[in-house]
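The values are calculated or read from the model by the stated rules, or taken from the named source; none is laboratory data. This is a predicted model, so every value here is computed, not measured. Here the Cβ positions follow ideal geometry from the backbone for every residue, glycine too, while neighbour counts run over all protein chains shown.
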Amino acid sequence: MEKVSWNIYWNEYSSDTYLYGSEIEYKARNNVHFKNELMPPGTVIKEWYSMTNYQAQRIEPTLPIIDGESKYHIKINVETPNNKGYLIRLVFLDRYEREAGDFTIRGVEADFSCPLKTYSYKMQLINAGMTEFTYHSITIEEIDSED
């Protein structure tokens, strides 16, 4: 059975991006340079969603639909001057949009699964002390249960 994987790119929508004092250069779909000297640590720089309200947000979902029965592998391709200074946080929501759990990735790869009551989720790129980076992509891949 073939493994299923999804690449998540940085889209040019700005409603889900931290813009205050930010310089963002969209070189290509998989090459976005971000710089902000004054952004405090803990700031959510960019968010991606598995489910959106198009009427309210005017953005389309950019994350794959995942379920609580499978395990997944995430690989982050973000370049920073010292290859650290960011976090990726997955926030799992129930059908009433209440937080059902979360998972934080501090490195470049990790395995995760979501709570069974997950209805949708969002992914956040969080500043952990960096002032600039180049975003290429994030890949989410379903892990075979037989492995």
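Just give me the residues in the range 77-86 being surrounded by fewer than 16 Cβ atoms within 10 Å (Cβ to Cβ) and not polar (S, T, N, Q), in sequence order. Of everything in the range 77-86, those that are surrounded by fewer than 16 Cβ atoms within 10 Å (Cβ to Cβ) and not polar (S, T, N, Q) turn out to be Glu79, Pro81, Lys84. Just one of (1) crowded, with 18+ Cβ neighbours inside 10 Å; (2) of a type in the set (Lys, Arg); (3) closer than 14 Å to Gly42 by Cα fails for Arg89. It is (1).
For the range 4-51, a residue qualifies if it is more than 12 Å from the chain's Cα centre (by Cα), closer than 15 Å to Phe133 by Cβ, of a type outside the set (Lys, Arg) and assigned to a strand (DSSP E or B), and the qualifying residues are Glu23, Ile24, Glu25, Tyr26, Asn31, Val32, His33, Phe34. Residues in the range 92-117 that are closer than 20 Å to Val44 by Cβ and either in contact (Cβ under 8 Å) with a residue 60 or more places away in the chain or surrounded by 15 or more Cβ atoms within 10 Å (Cβ to Cβ) (or both): Phe92, Leu93, Ala100, Gly101, Asp102, Phe103, Ile105, Ala110, Phe112, Cys114. Criterion applied to Thr139, Thr131, Thr80 was being closer than 19 Å to Trp6 by Cα and polar (S, T, N, Q), and the one residue passing it is Thr139.
Looking across the range 93-147, the residues that are within 12 Å of the chain's Cα centre (by Cα) and of a type in the set (S, T, N, Q) come down to Thr104, Gln124, Ser137, Thr139.
Scanning the range 2-23 for residues that are of a type outside the set (Gly, Ala, Ser) and touching a Lys or Arg at 6+ places or on another chain (Cβ under 8 Å) turns up Tyr9, Trp10, Tyr13, Asp16, Thr17, Tyr18, Glu23.
Residue-by-condition table, conditions (1) modelled with pLDDT of 95 or more; (2) under 21 Å from Phe34 (Cα atoms); (3) in contact with a helix residue (DSSP H, G or I) (Cβ under 9 Å, 6 or more places away or on another chain):
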{"site": "Gln57", "(1), (2), (3)": "no, no, no"}
{"site": "Thr62", "(1), (2), (3)": "no, yes, no"}
{"site": "Lys75", "(1), (2), (3)": "yes, yes, no"}
{"site": "Val91", "(1), (2), (3)": "yes, no, no"}
{"site": "Tyr96", "(1), (2), (3)": "no, no, no"}
{"site": "Arg106", "(1), (2), (3)": "no, yes, no"}
{"site": "Met123", "(1), (2), (3)": "yes, yes, no"}
{"site": "Ser137", "(1), (2), (3)": "yes, yes, no"}
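Residues of the range 21-52 being of a type in the set (A, V, I, L, M, F, W, C) and either surrounded by 15 or more Cβ atoms within 10 Å (Cβ to Cβ) or closer than 22 Å to Tyr121 by Cβ (or both), which ones? Ile24, Val32, Phe34, Met39, Val44, Ile45, Trp48, Met51, listed by residue number. Only residues that are farther than 22 Å from Ser14 by Cβ and either of a type outside the set (Ser, Thr, Tyr) or not in a loop (DSSP other than H, G, I, E, B) (or both) were counted across the range 60-75, and they come to 11.
Based on what the data block shows, is Thr52 at negative phi and without any contact (Cβ under 8 Å) to a residue 24 or more places away in the chain? Answer is yes for this residue.
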